[in-house]
């Protein structure tokens, strides 16, 4: 046990020393921490039901449905590839250390607790949305965050337990698959019977997912009950479910440490897949690691210098797109933007909501783009062109794609909201500029914080920086719209601000090519 705590202490010291050698990164983390603390306070003290008051049964049904879907997909994936707490750095250091398998599991569990706390922080961003639509009970926010914490902790444990059992033989793997498939069929059959009784899709879904039978499903039932306490209130059942979850997780950990299995070999398989997913995300590729068909396109390189980067991106998008440059991300943005009209109350629905909701979704799609791949390939530093040209052409295709996606989305929004053509054109330009802001904020954060720190923490940093640089434009829009009531001038103000921010961030990002160690 002393060896394990020695390794943990060393890792914490290395993280602190790494920040000490980068004072700018340390200052940035302190500022972000202060902003996050302010956001947490605001999320806790803001009133509930400010936009509308939806029945708590819908919240409970949504939580139950999400948990059941996550449980099914997690177990299916766990049958084939297992789950893991570890990274390759742990494999190289911890697996070769003189530690018992049970201590290795405990080490991974302690590391996972840090990641779980980060997931809880991410969940804080959804608290305002929940409070705007539901009336939370006293300490409801705490109940919701505890449920998120237990979900993050228990998911890898279940995946590893299922894999450890099923990997012993092909018969066991087939047996577990059959049990899951039969459970899925019974679930669908039960919903069909409820639908036939209720004669309403929405009422049937809410009534079925709130059925007491789902509360008896291990882990999923307990997490759903804990999360539902956010709207129903904390009672004795809340603490009982927490106790049951702790017992289940402890039993699973003890069972894995006591199993006669090749633990290291089992975990290594899942760790390799986990590292491959992380590498794919960093390079802007599809993190699902699925083999996909690509279209054979005709084309070549007719340019030279930095322009070849743009042509390369254009050909790559044509290979994987359904038509021209329209791919899965285009569908996500369009469906999300259109869906915002139906999610929000009718009196609050407007083209502004569609713009801001789609811009919020765009942040998470931009980090999957093609341009991060170029920063990881050092030949871009050797192109005999100015840094301005290299940065411009490395990000041009992303900006063009955002422009085309925005054109499709807001052309549809033109008919949905009966908006004028000038307003729609400004929405398209503003949406494109939001994408450019996210791209160049990402590059600036890479320059400031480097590559030695947590990628998850960097996402937090980018999200906060992006929010605060676009916030003045949103304030200008609200002030002009509420004072003059003119959509065109309100959108013109936010578009002008975003353009100013993009220009400033672009020139702040040019220096990325001067320091190869920042990549």
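Where a number appears in this text, it was derived from the coordinates with a stated rule and is not lab data. No experiment lies behind these values; they were computed from the predicted model shown. All Cβ positions, even for glycine, are placed from backbone atoms using ideal geometry, and neighbour counts span all protein chains on display.
Exposure proxy check: 414, 427 ranked by fewest other beta carbons within 10 Å? Please list the in-between numbers first.
Details: 414 17, 427 29.
Going from least to most buried by this count: 414, 427.
Please give the length that would be gained between residue 254 and residue 185 if that part of the chain were fully extended, namely 0.36 nm times their separation in residues minus their C-alpha to C-alpha distance (nm, one decimal).
Values: separation 69, 0.36 × 69 = 24.84 nm, distance 3.19 nm.
Result for the pair: 21.7 nm of gain on full extension.
For residue 13 and residue 30 in the same chain, what is the full-extension length gain: residue separation times 0.36 nm, less their Cα-Cα distance, in nm?
Details: separation 17, 0.36 × 17 = 6.12 nm, distance 1.77 nm.
Here the segment from residue 13 to residue 30 would lengthen by 4.3 nm.
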